[in-house]
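Scroll down for the structure; my scribbles are underneath it.
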Amino acid sequence: MTGAIKISRKAFFRVAGTSLAIFTFYLWDRLVQRQESMGEKHEIRRIKAPIAAGVTFYDDFYLVKSGDKALAFSTTCTHAGCILKQENNGRITCPCHGSQFDAASGKTLKGPAFKPLKALDCRFDGKGNEWVVKL
């Protein structure tokens, strides 16, 4: 066989490993973008006041109420899209891979997730005496 290119085993595995790593990161980025685009709903949820102080979970979001102020965050983990369901000592732990988030701010405390939880628009409507959350 003439004209064949000879490549060492070490060089072959280096090229194959690099290609696999690039493909993996590309695929991961595409999945994250897809997950974010699927999560862009524009629904509005209304919750009758009063709500309890602390963390209260709903289907697609949770509310953190402190005094007259409330913040809303998505219950979708930013790592793999698992649904977050419970809070313990100010931390929300993902049931799938163990990522931990600060309940009051949505910030990532422990990986594998590295993005914070998505903050949602939340306001109090005095006319209807309800909290309005935009998903």
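Below, the figures for the structure above:
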read-out: Local electrostatic count, ALA70, Cβ distance below 15 Å [Lys/Arg +1, Asp/Glu -1]; value: +2
read-out: Per the chain, cysteines lacking a partner by the 4.7 Å Cβ criterion; value: CYS122
read-out: Angle in degrees between helix 9-38 and the longest Cα principal axis of the chain, rounded to the nearest 10; value: 20
read-out: Positive-end residue, the chain charge dipole about Cα centroid, Cβ charges, pick of GLN86, PRO112, PHE73; value: PRO112
read-out: Average silhouette area of the chain, convex hull of alpha-carbon atoms, in square nanometres; value: 11.5
read-out: Eligible lysines near LYS118 by straight Cα distance, threshold 22 Å, same-chain separation 8 or greater; value: LYS41, LYS65, LYS69, LYS85, LYS107, LYS110, LYS134
read-out: Unit charges on C-beta of K, R, D, E only; dipole of the chain, Debye; value: 580
read-out: Structure-based [θ]222 nm, the chain - -39500 (n - 2.57) summed over DSSP H runs of at least 4, per residue, nearest 500; value: -8000 deg cm²/dmol
read-out: Separation between Cα centres of segment 69-89 and segment 91-115, rounded to whole Å; value: 8
read-out: Under DSSP loop assignment and at most 12 Cβ neighbours within 10 Å, longest GluC sites (Glu not before Pro)-free interval of the chain; value: 44-135
read-out: Nearest-10 value in Å² for the accessible area of LEU31, using the 1.4 Å probe; value: 100
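The values are calculated or read from the model by the stated rules, or taken from the named source; none is laboratory data. Everything numeric here is computed off the predicted structure, so don't read it as measured data. All Cβ positions, even for glycine, are placed from backbone atoms using ideal geometry, and neighbour counts span all protein chains on display. For the accessible areas, the whole protein counts, side chains as well, though only heavy atoms, and no ligand, DNA or RNA atoms are used. Shrake-Rupley method; radii C 1.70, N 1.55, O 1.52, S 1.80 Å.
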